[in-house]
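Here is the structure we will look at, set down as structure tokens.
The values are calculated or read from the model by the stated rules, or taken from the named source; none is laboratory data. Just so it is clear, the model here is predicted, and its values are computed rather than measured. Here the Cβ positions follow ideal geometry from the backbone for every residue, glycine too, while neighbour counts run over all protein chains shown. Keep in mind that these areas ignore ligands, DNA and RNA; they rest on the heavy atoms of the full protein, side chains included. Shrake-Rupley method; radii C 1.70, N 1.55, O 1.52, S 1.80 Å.
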Amino acid sequence: MKELLTRTDELLLLTIYRLKEDAYTVPILEHLEEVSSRKNWTLAGIYIPLLKLEKNGIVESYLGEPTSQRGGRSKRYYKITNKGLRALQEVKELQKTMWDGIPDMIYSDEGDL
Amino acid sequence: MDTKNRNRLYFAEKILRQILPDKIINTAIGDYEEIFTEIYLERGSFAAQRWIIYQILMSLFPFVYSTICWRATMLMNYLKFAIRNLKRNKVFSSITISSLSVGVACSMMIFIWVKDELSFDKFHKNYDSLYRVITETEAAGQIYRKPAVPTPLVVTIQDEYPEILNTCRFRGGFTGWLVRYGEKSFINDRVGMADPSFFEMFSFKFLEGDPKTALNERYSIIITEDMAKKYFDDEKSLGKQLILTGTRTAMTVKGVIENIPKNSHLQFDFLIPIENMDYWWSEDFNNWERMRFNAYVQLIENTEGAEFSQKISDIVKRHYPETAITRTYLQRLKDVHFDSEFSQDEENFGKGNKTYVLALSALAVILILIACINYINLSTARSIYRSKEIGIRKTTGANRSDIIKQILVESTLLSFLTIVVSGVLIFLFLPIFSEISGKEFSYGYIETLMFLPILVGTGAAVCLLSSTYLAVIQSANGPIQALNKYINKQNSGENSLRRVLVVAQFSFSILFLISTFVIYSQLNYINNKDLGYNKDQIIYFYGPRGEMENSPESVKNELLQNPSILSVTYAYPPRSISWYTTDIDWDGKVPGTDHLINVQSGDYDYLKTFEIELVEGRYFSRDFAGDESNYLLSESAVSILGIKSPIGKRFTYRGELRSADPEGRIIGVVKDFHLGSLHNEIRPILIKFMPTFPFMCAKISPENIPGTIEFFENKWKEFGEVRPFSYTILDETINDFYRNERKIGQILKYFTFISGFIAFIGLFGLTIHIVEHKTREIGIRKVLGASVREIIIMLSRNLLVLIVIAAFIACPVGWMLMNNWLKDFAYRIELGPGIFIISLLISLFIALVTISYQTIRAGFSDPVKSLRNE
């Protein structure tokens, strides 16, 4: 069975999509921290889903040029594959369908709390 | 970024390398470094560090979890197989585990013993800067060492040399002092005396009182915990007064110390300031002739002891040119326990012997080795049954490292079992071992020696090391080799390595057997050796003082009224060689020749009490006037001094007192007799008339000894003596000379038995294996008409040949070692072939018994059954 993307995957993919050519781990982390206003993102928390996504063919990675700022180590850039784009599209449509007809402010059925 | 932070970053990198997946590792570390640097530049090093620590902690779980999960599954599988294997081969597993744990347990106990021996005096804080002063004298070309120094030396030495931080005199006590508190009075031989600096130099732990001032006042006394309990029960001890008969004074308790550890060479129950001894030796404190005390010095830090020792070598001569002391030097506190063999036998009791420590350490290693050999032999032998399993693992994709892992898991299980079983064994046998070794090992005590970690370490190391060999061998085969037992080489029951190991095992066992035999024959020889006097039923003790002091002869007569007391004499028993002299002169002495002669003193009943044989002349007798100034010589003394027809020759001796004795004559010659232990040659002896009042010896009849002792006790009360009657048995004193040898003999006896046990159960296991392996061969031979006898011979021959080879290795080694050991004794047994032949026969016999059950069963087995097996 084809599995749906998780919320973390979705966030990661959208970040990569937005960052375009600049999508390596450090800006990804920074962007995530920025938009989600949560500070408890860890690098490890990014590597694991990225490894999984890469294994599933959702993203692909390539090595960039080494820079001195990184102790001479190269960056690993991520790029969404076609399969990944389709999966993202799918999630977006699913989301749209699911949210359709639900008011902007979500109330409890039993009225105000 | 500064180096400090760079280092921290490197450290973090190291951790991350362990946990991050290999694929992204380099880029990931780059990421970490980039962010770290950024935070560092923006918010400083603290924030950066906090960030990286948080990152590491958060990464640990997700990455580690996935790896561990898989490894754990495999581990569980290995463990399951290991347990199944142990269960399936019950005989082999129990042989392996029992020999390993017995081996480990024994060597651990030896280890405890060795560690205790090496721990002597280590508890002193100033262990490294403390020294004992040794003096050497020379007489007739022989050097005599003593741990005693002229009394004024310590003061002089401290004044003269700035290198010396502190000095202290010490003496361990005298026999038979009475210590009284109110109604309670006990005889104590351990009333030590020392200078006030004693507790500054030596770290004995005070429970009450102040170590700095404890000995400052003249009438103060320090007591041990046990003594405090004995005299004062639970009352507070400080300030109480104890009466000492030795100094005729009342002493105030100024401190209570913990009981002196057994591994201290300084031993005492009470300690008093040394100045109290002026009651006895008032003139000796400034006398360079007198050597009453041991002396210790503490050098200031960083002083080279050996160098400093050179400086003081002639110190006595400089201050007192007439001295007999030729050299003075320092001995490290470290060496005191092992280097205390002095010319006087009594000083040597309970002293360590480095050779024995080495020998026992070797024994410990060998025991473990023998146990390991069992493990290796049996498991390589059994690998024939394991190879199928390994083959299948290999065909299903296990590589060499997986097989090695599996074997390591098995050995971990094995070492766990070994550690548990040997722990239990040690727990059970420690009291027995304490008794054999003559030390007091409590469970609490051995824990302080880092016992548990070392037990676990040894157990694990032993199993892992021996399984390394297995791992290499078993994993080496390819799957086809492993599956096909006809190709598999090491399965052939008797490969050459196994033979070598068996020979090694039995060589050691036979070596131990030989050593035990020799030691016991030597001890037996010593026991039965004619010493030249009769040591049986002789007790020695202090006679009554007080009113009886003036009538020694009447004390004798009173005692002799009891028919059980056969003879009484005022004399020292011939238990030591401590009193010797060259200061003798006789008719016809060649001037300028020096002869060392030992002096024994006695009265009219000396020869009779000790049953020393008279060769010529007569003994001191009440019937002759003036016998007090006459002498007797032993045969060897006559021949060494070169006196011809000695009877009636004029002879004079100026003993230690240097007061001229009236000229006397030699009135008799006695047969040689041994002074002290048989480690020494027989010595020339001069017997001098000098009653050693109040010290006396008595020969008592072997019947009703308790009655006789009671008689003594009652007489003592009758005499109005304040001290209770207390005595020493000469036979025990003499036995004590060989205490070290006896102990080593006893330890060796048990460990010979144990090493034999391990070797023979190994042999037993191997026989089972060989019989099993050759089932078909036996079947075919039987079908073709082999008799039971031939089958048995076929199966046993090879193993017995191994034992004979082992014996041929063990015998010469044993001969060399034991000859060396025997050199310590001036009187010793000859090593004939007998002991070696007996050892070989015993080993062969036990080996035959061990393997015969299996071989006989195989011989009688039904060939139909064994052949149908295929």
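With contacts taken as Cα pairs under 8 Å at a separation of at least 6 residues, the stretch B:3-80 carries a relative contact order of 32 percent.
Per the 1.4 Å probe, what fraction of the accessible area of the stretch A:7-91, in percent, lies on carbon and sulfur atoms? For the stretch A:7-91, the apolar C and S fraction of the accessible surface comes to 49 percent. Can you return the lysines within cross-link range of B:LYS146? Criterion is Cα-Cα under 18 Å, with same-chain partners fewer than 8 residues away left out. B:LYS146 reaches B:LYS317, B:LYS334, B:LYS351. For chain B, find the longest principal axis of its Cα atoms and tell me its angle to the long axis of helix B:90-118, 0 to 90°, nearest 10. Tilt relative to chain B: about 40 degrees. Selection among B:TYR329, B:SER422, A:LEU43 by position relative to the dipole of the protein assembly as shown gives A:LEU43 as farthest towards the positive end (Cβ unit charges, Cα centre).
Taking amide H as placed 1.01 Å from N in the peptide plane, B:ARG190 has its amide H under 5 Å from the amide H of B:ASP269, each at least 5 places away in sequence or on another chain. For chain B, what does -39500 (n - 2.57) per DSSP helix run (n ≥ 4), summed and divided by total residues, give at 222 nm, in deg cm²/dmol to the nearest 500? One gets -17500 deg cm²/dmol as the mean residue ellipticity at 222 nm.
Here the stretch B:538-732 yields Rg over Rh of 1.00, to two decimals, using C-alpha coordinates and the Kirkwood radius.
Legend: distances between Cα atoms for A:LYS92/B:LYS23; B:LYS262/B:LYS535; B:LYS529/B:LYS649; A:LYS55/A:LYS79; B:LYS254/B:LYS439; pairs beyond 21 Å are A:LYS92/B:LYS23; B:LYS262/B:LYS535; B:LYS529/B:LYS649; B:LYS254/B:LYS439. For A:VAL35, the solvent-accessible surface with a 1.4 Å probe is about 90 Å², rounded to the nearest 10.
Its relative contact order, with pairs defined as Cα atoms under 8 Å and 6+ residues apart, puts chain A at 26 percent.
Quick one: pull the percent of accessible area on chain B belonging to carbon and sulfur, 1.4 Å probe, ligands and nucleic acids left out. Its accessible area is 58 percent carbon and sulfur atoms. Loop-located GluC sites (Glu not before Pro) across the stretch A:14-113 with a Cβ neighbour count of 10 or fewer within 10 Å are A:GLU110, with loop assigned by DSSP.
For chain A, the equivalent ellipsoid derived from the alpha-carbon gyration tensor has semi-axes of 32, 18, 11 Å in decreasing order. Between B:ARG789 and B:VAL155, the modelled labels are 9.1 nm apart [label points 7 Å from Cα along Cα→Cβ].
Using the average count of surrounding beta-carbon atoms within 10 Å as a protection proxy, the listed peptides B:761-770, B:709-718 rank, highest first, as B:761-770, B:709-718. Stretching the chain fully between B:ASP623 and B:ARG17 yields a gain of 207.9 nm (0.36 nm per residue, less the alpha carbon separation). Here the Karplus relation 6.51 cos²θ - 1.76 cosθ + 1.60, evaluated at θ = phi - 60°, turns the backbone of the stretch A:45-51 into coupling constants of x, 9, 4, 4, x, 5, 4 Hz, with x for every Gly and Pro. Annotation: for a label point projected 7 angstrom from Cα along Cα→Cβ of B:GLU611, residues of the stretch B:698-713 with backbone N closer than 20 Å are B:698-706, B:708-709. Relative to the first principal axis of the alpha-carbon coordinates of chain B, what is the inclination of helix B:3-19, with its axis defined by its Cα atoms, in degrees from 0 to 90 and to the nearest 10? That helix lies at roughly 60 degrees to the long axis. With 0.36 nm allotted per residue and the present C-alpha distance subtracted, the B:GLU217-B:ARG84 stretch has 40.5 nm of extension available. According to the Cα-based calculation, Rg over Rh for the protein assembly as shown is 1.14, with Rh computed by the Kirkwood formula. Straight-line cross-link reach from B:LYS644 at under 24 Å between alpha-carbon atoms covers these lysines, not counting any fewer than eight positions away in the same chain: B:LYS589, B:LYS671, B:LYS688. Amide H contacts under 5 Å for B:VAL599: B:TRP579, B:TYR580, B:THR581, B:LEU686, restricted to partners 5 or more places along the chain or on a different chain, H placed in the peptide plane at 1.01 Å from N. Bridgeable lysines around B:LYS90 (alpha carbons under 22 Å apart, same-chain partners fewer than 8 residues away excluded): B:LYS80, B:LYS388, B:LYS774.
Calculated FRET efficiency, B:VAL849 to B:ASN714, Cβ-Cβ distance, R0 = 45 Å: about 0.15 to the nearest 0.05.
Would you mind getting me the FRET efficiency between A:GLU10 and A:SER68? Use the beta-carbon distance for r and R0 = 35 Å, nearest 0.05. That gives a FRET efficiency of 0.50.
Here the simple spin-label model places points 7 Å from the Cα toward Cβ, and for B:ILE856 and B:ASP594 these points are separated by 7.2 nm.
Taking a spot 7 Å from the Cα of B:SER401 along the direction of its beta carbon, which residues of the stretch B:19-60 have an amide N less than 18 Å from it? Residues B:19-25 qualify, since their backbone N sits under 18 Å from the label point.
Any idea what angle helix B:45-88 forms with the longest principal axis of chain B, computed on alpha-carbon atoms, 0 to 90 degrees, nearest 10? Approximately 90 degrees, to the nearest ten. Starting at the first residue of the stretch B:230-246, write each ³J(HN,Hα) from the Karplus equation 6.51 cos²θ - 1.76 cosθ + 1.60 with θ = phi - 60°, in whole Hz, x for Gly and Pro. My calculation for the stretch B:230-246 gives 5, 8, 10, 6, 9, 5, 5, 8, 4, x, 5, 10, 10, 9, 10, 6, x Hz in order.
Using the Karplus relation 6.51 cos²θ - 1.76 cosθ + 1.60 with θ = phi - 60°, the per-residue 3J(HN,Hα) values for the stretch B:280-293 come to 9, 10, 3, 7, 7, 5, 10, 9, 6, 7, 8, 10, 9, 10 Hz, with x marking Gly and Pro. Note that the protein assembly as shown presents 50 Å² accessible area per residue, ligands and nucleic acids not counted, probe 1.4 Å.
Solvent-accessible area of B:ARG84, all protein chains in place: 120 Å² (probe radius 1.4 Å, heavy atoms, ligands and nucleic acids excluded). Amide H to amide H, with H built 1.01 Å from N, A:ARG73 comes under 5 Å of A:THR67, counting only residues 5 or more places away or on other chains. Note on the protein assembly as shown: with charges restricted to the Cβ of Lys and Arg (+1) and Asp and Glu (-1), its dipole about the Cα centre is near 5220 debye. Accessible surface buried by the B/A pair amounts to about 2000 Å², both sides summed, 1.4 Å probe. Dividing the Cα radius of gyration of chain B by 2.2 N^0.38 Å, with N the residue count, gives 1.27.
Taking the centroid of alpha carbons for each part, the stretch B:226-289 and the stretch B:369-427 are 61 Å apart.
You can think of it this way: the chain between B:ASN534 and B:SER313 has 75.2 nm of extra reach, that is 0.36 nm per residue less the Cα-Cα gap. Residues of the stretch A:18-54 losing 40 Å² or more of accessible surface, assembly versus chain alone, probe 1.4 Å, please list them. Buried on complex formation: A:VAL26, A:THR42, A:LEU43, A:ALA44, A:TYR47, A:ILE48, A:LEU51.
Compute, for B:ASP278, the solvent-accessible surface of its heavy atoms (probe 1.4 Å) with the complete set of protein chains present, and express it in square angstrom to the nearest 10. Surface open to solvent at B:ASP278 totals about 50 Å². Interface burial in the stretch A:73-102 reaches 50 Å² or more for A:ARG73, A:ARG76, comparing the full protein assembly with the chain by itself; accessible area from heavy atoms with a 1.4 Å probe. The B:SER94 and B:ILE805 beta-carbon pair, evaluated with R₀ = 30 Å, returns a calculated FRET efficiency of approximately 0.60. When you restrict to C-alpha pairs under 8 Å that are six or more residues apart and normalise by the size of chain B, the relative contact order lands at 13 percent.
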